[in-house]
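Every read-out reported here was derived from the displayed coordinates using simple, explicitly stated rules and does not represent laboratory data. Keep in mind that what you see is a predicted model, and the values were worked out from it rather than measured. Counting neighbours? That spans all protein chains shown, and the Cβs are built from the backbone with ideal geometry, glycine included.
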């Protein structure tokens, strides 16, 4: 083969590859089923929201969006699977309080929360609701604080695990009120809920959906809720600010993330689709029943939020002296 012939073939090959790349870039997204990794077992408080989004994306795209529950390791197992997925938009994942807290809790994570993922969009916010077992002799926030101060280390609050939003909400409460309340961690919200209703745990900082039915039945007593306004399903419950603790609040954010290097146009497509879903009346009604509020963000806003939340959770963990116990 002479030099001229070689040049012609190289140029032809380059044109062929460029054309192929253009065809690939123009392929519609999604071109096959999308996997939505949720690092929790089925049936938890996160699962209904993830499945709602997956179902509505399936309707809009004509491609299945399948929720893949990957529990374990304080969400590390599922999140690691997402980090290692092909970054083409056909694998996305859930991010929330555990994603924000694990960098400060767990040494030597198999991934870097800021380097190995990209924020796509947010879905909803869920507030922290302080509830008591009816046997606790306190009817409002000031009485809870006074009771805790009169009995240092004797009151307890339960959480669904060390480093969870439920745990950190309680630790933030202790820091801001100067109280000493014993933390009792559980392996999940199910066992915690059972003991809370039975009175084996005296108080907890729950997301509303997990306790609204028990409040309505009288099995739990609501005291205060985070946020600037009262929650429509619980209009009788004051905010922490109204109850005398301004500035308190730890809101649980539910977001969608993807592996780093996922194409920007794909990320933008997912974000715009989720925003459209969150504007639907049936979605708003669904979130209201969950005690959640819609939260729409661009990819850029989501990325900035993730950085901010990781830093905020790190401060609470440091101030409270929390150590991870696998």
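Expressed as an acute angle from 0 to 90° and rounded to the nearest 10, what is the orientation of the C-alpha long axis of helix 3-25 relative to the principal long axis of the chain?
Compared with the principal axis, the helix lies near 30 degrees.
Name the residue, out of 72, 158, 303, whose mean-square fluctuation peaks in a Gaussian network model built on the chain with Cα pairs under 10 Å.
72
Give the order of 52, 176, 203 when sorted by the count of other beta carbons within 10 angstrom, beginning with the fewest.
Fewest to most other Cβ atoms nearby, the residues stand as 176, 52, 203.
Only counting other Cβ atoms within 10 Å, I'd like 202, 59 sorted with the fewest neighbours first.
59, 202
Starting from 0.36 nm per residue, how many nanometres of slack lie between residue 135 and residue 279 once their C-alpha separation is accounted for?
Here the segment from residue 135 to residue 279 would lengthen by 47.7 nm.
Quick one: length gained pulling residue 307 to residue 183 fully straight, 0.36 nm per residue minus the C-alpha distance?
Here the answer is 41.9 nm.
Return the percentage of antiparallel bridges among DSSP beta bridges fully within the range 129-225, rounded to the nearest 5 %.
Around 55 percent of the beta bridges assigned by DSSP in the range 129-225 are antiparallel ones.
Taking the alpha-carbon centroid of each part, what is the distance from the range 259-311 to the range 137-181 in angstrom?
32 Å
Against the longest principal axis of the chain, how steep is helix 141-150, in degrees 0 to 90 to the nearest 10, with axes from Cα atoms?
The helix 141-150 is inclined about 70 degrees to the chain.
Rounded to the nearest 5, what % of DSSP beta bridges with both residues in the chain are antiparallel?
Among the beta bridges of the chain, antiparallel pairing accounts for roughly 60 percent.
Would you please give the FRET efficiency between residue 68 and residue 154, computed as 1/(1 + (r/R0)^6) with r the Cβ-Cβ distance and R0 = 30 Å, to the nearest 0.05?
Once rounded, the FRET efficiency stands at 0.10.
Give the span of the range 206-326's Cα atoms along each principal axis, as three whole-Å numbers ordered largest to smallest.
So the three principal-axis extents are 49, 42, 30 Å.
Normalised by the empirical 2.2 N^0.38 Å for globular proteins, what value does the Cα Rg of the chain take?
Cα Rg divided by the expected 2.2 N^0.38 Å: 1.17.
Would you compute, from DSSP H runs of 4+ residues alone, the mean residue ellipticity of the chain at 222 nm, taking -39500 (n - 2.57) per run and dividing by the full residue count, rounded to the nearest 500?
Calculated mean residue ellipticity at 222 nm is -14000 deg cm²/dmol.
Taking Rh as the Kirkwood radius, which is the inverse of the mean 1/r over Cα pairs, what is the Rg/Rh value for the range 129-225?
So for the range 129-225, dividing Rg by the Kirkwood Rh gives 0.92.
Test of understanding: what is the full-extension gain from residue 146 to residue 109, defined as 0.36 nm times their sequence separation minus their Cα-Cα distance?
Gain in length upon complete extension: 9.3 nm.
Kindly express, to the nearest 10 degrees and within the range 0 to 90, the angle between helix 47-61's C-alpha long axis and the longest C-alpha principal axis of the chain.
So the inclination is approximately 30 degrees.
One-quarter of the Cα convex hull surface for the range 51-146, in nm²?
The orientation-averaged projected area of the Cα hull of the range 51-146 comes to 9.7 nm².
Which log10 I(q)/I(0) values does the range 147-202 give at q = 0.29 Å⁻¹ under the Debye formula, counting every alpha carbon as one identical point scatterer?
Ignoring solvent entirely, the Cα scatterers give -1.15.
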